[in-house]
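Before any comments, here is the structure.
The values are calculated or read from the model by the stated rules, or taken from the named source; none is laboratory data. Because the structure is predicted, anything quoted here is derived from the model rather than measured. Positions of Cβ are backbone-derived with ideal geometry, glycine not excepted, and every protein chain shown enters the neighbour counts. Side chains are part of the model used for accessible areas, which takes the heavy atoms of the whole protein and leaves out ligands, DNA and RNA. Shrake-Rupley method; radii C 1.70, N 1.55, O 1.52, S 1.80 Å.
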Amino acid sequence: MHAIRNISFALALLLAAQISFADEESSIHAKLGFRAGFGVSLLRHHVKLADLKPVPSIAYSVGAVAQIDLSDNFSISPELLYSAYSSSAEKVNKIENGFDRLTEVGVELHALELPVLARYDFGGIYAEAGPQVGWNFSSKMYTNAEYFCPDLNPLAFGIAAGFGTDSYGILLLGIRAYFGILEYAKDAKGVPWSLQASLSAFLF
């Protein structure tokens, strides 16, 4: 009876050790921080800009970021960002008396966005890609001093991808592109894209 009790106790210790080892191997680590990006954007196929030659204008984003490490090299990073996109163009019309008439056209878009990126670290260099959904909550178009409010499509969706350097899993410096798929407005039609230099810092 005593021997059986010892064997049972040894088996219980072995099972507990195996479970503990499995938990350590499969442990998931999460980090929280912030992200800021600054760059250029364009709203392609936009009705107001269609007959002109639009040029990329200022784009930026800022918000919270998390990173869930599933292994030493692979992680999932959901973010919650406030983003702004813009695009503009100019047109010169010849008129009488030697003067030219300059027409300025521009678009601004503000959105709350949720990218969810798969990130792989190659040893200090990372690559990332994933879907990005968002809510378009504010926009305006202008022609010279005349402003318009487009009929917004609230849902935004596209693909985000980028690469950069990873300093000890704490500081990420990179380049990220976003390619919109849905038109941002029913009447204006434009589809946003952006290219930004980004900084992500994990504080917790």
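Odds and ends about this structure:
- Selection from the range 63-88 of residues that are in a strand (DSSP E or B) and among the small types (G, A, S): G63, A64, A66, S75, S77, S83, A84, S86, S87, S88
- Residue list for the range 63-79, filter: under 23 Å from S41 (Cβ atoms) and either in contact with a Leu (Cβ under 6 Å, 6 or more places away or on another chain) or in contact (Cβ under 8 Å) with a residue 60 or more places away in the chain (or both): G63, A64, V65, S77
- Yes/no for S41 being in contact with a Phe, Trp or Tyr (Cβ under 9 Å, 6 or more places away or on another chain), more than 30 Å from Y120 (Cα to Cα) and at pLDDT 90 or above: no
- Considering residues of the range 42-62 that are outside any strand (DSSP E or B) and either free of Cβ contacts under 8 Å to residues at least 12 places away in the same chain or not aliphatic (A, V, I, L, M) (or both) only, the residue farthest from A185 (Cα to Cα): K53
- Verdict on F99 being touching a strand residue (DSSP E or B) at 6+ places or on another chain (Cβ under 9 Å) and open to solvent by 80 Å² or more (accessible area, probe 1.4 Å): no
- Subset of the range 36-57 [surrounded by fewer than 22 Cβ atoms within 10 Å (Cβ to Cβ) and within 22 Å of the chain's Cα centre (by Cα)]: A36, F38, G39, V40, R44, H45, V55, P56, S57
- Of all the criteria given as (1) assigned to a strand (DSSP E or B); (2) open to solvent by less than 60 Å² (accessible area, probe 1.4 Å), the one not satisfied by K91 is (2).
- Those strands (runs of 3 or more DSSP E) of the range 116-204 in which 1 or more residues are crowded, with 16+ Cβ neighbours inside 10 Å and touching a residue at least 60 places away in the same chain (Cβ under 8 Å) occupy 125-143, 171-180, 191-202.
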